[in-house]
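Everything below concerns the one structure shown next.
What follows draws every value from the coordinates through simple rules; no lab data is involved. It should be emphasised that the depicted structure is a prediction, and the values quoted were computed from it without experimental measurement. Glycine also receives a Cβ, built like all others from the backbone with ideal geometry; neighbour counts cover every protein chain displayed.
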Amino acid sequence: MAESAKSFKVLDNPQKKKSDLAKIRDVTEQQLKMLGSTSPIISEEIRASVRKDLQDALVAVVDKYGMDVPSINVDNTNTTLVINVTASSVSLNGLDCYHSAYLSNADSLGLNVEWLGKSFVYNDSFFTVNGLDTSRIDKPYLRVIRIVNGERNNAKMPISDKLIRIVDESIRDFDAAFAPSIN
């Protein structure tokens, strides 16, 4: 670089970022309230109750078919419960064809496997990554649940580099907006 060239220093603006994250929280809460849900955050009390109720229900269902249940694992974050149940002859993981297609093909398409089930806000709409539609081999689609103006619908988005960048950034911002330190 020539000596006469000016150099600029980019300053981090934590207040602007905090404002952006607050907007993500506001849009999320507004859209979910219109849908009839009050918060995307799972409280500790709800988490514990859901965990116990699911464990009891899953054991009863699997037992009904005469299977052994060697393990039931329930992991959680503030916004997600991940439930894994293993029966002696069948894995009851809840995956449908779109989830399975996502898990099988995400890496080869440039998608992050961890995005499955993750939520984000983009253009004042609330989205959750729901799977991958590979019915057209030449043009796979990212499946999402979209909530806008209180209405929920399933949508498909053609996969592109631009979409991957938008989803990646939006998920990171969403996770940061709901991180415990932002509250």
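Roughly how many nanometres apart are two label points built 7 Å out from the Cα toward the Cβ at ASP168 and VAL113?
Computed distance between label sites ASP168 and VAL113 equals 1.7 nm.
So between SER160 and ARG136, what do we pick up on full extension, going 0.36 nm a residue minus the alpha carbon distance? It would help to have the intermediate numbers written out before the result.
On the way: separation 24, 0.36 × 24 = 8.64 nm, distance 1.48 nm.
Extra length from SER160 to ARG136 when fully extended: 7.2 nm.
If the chain between ASN153 and ALA176 were fully stretched, how many nm would it gain, using 0.36 nm times the residue separation less the Cα-Cα distance?
Working: separation 23, 0.36 × 23 = 8.28 nm, distance 2.52 nm.
Full-extension gain reported as 5.8 nm.
Once the Cβ-Cβ distance between GLU29 and ASP124 is put in as r, and R0 is 22 Å, what FRET efficiency do you end up with, to the nearest 0.05? Don't skip to the end; give the middle numbers.
On the way: r = 12 Å, r/R0 = 0.56.
FRET efficiency, GLU29 to ASP124: 0.95.
Distance check, please: which entries in LYS64/LYS139; LYS18/LYS162; LYS23/LYS156; LYS17/LYS139 exceed 32 angstrom between their Cα atoms? Write down the numbers at each step before the final one.
Numbers: LYS64/LYS139 42 Å; LYS18/LYS162 25 Å; LYS23/LYS156 25 Å; LYS17/LYS139 35 Å.
Distance filter (> 32 Å) returns LYS64/LYS139; LYS17/LYS139.
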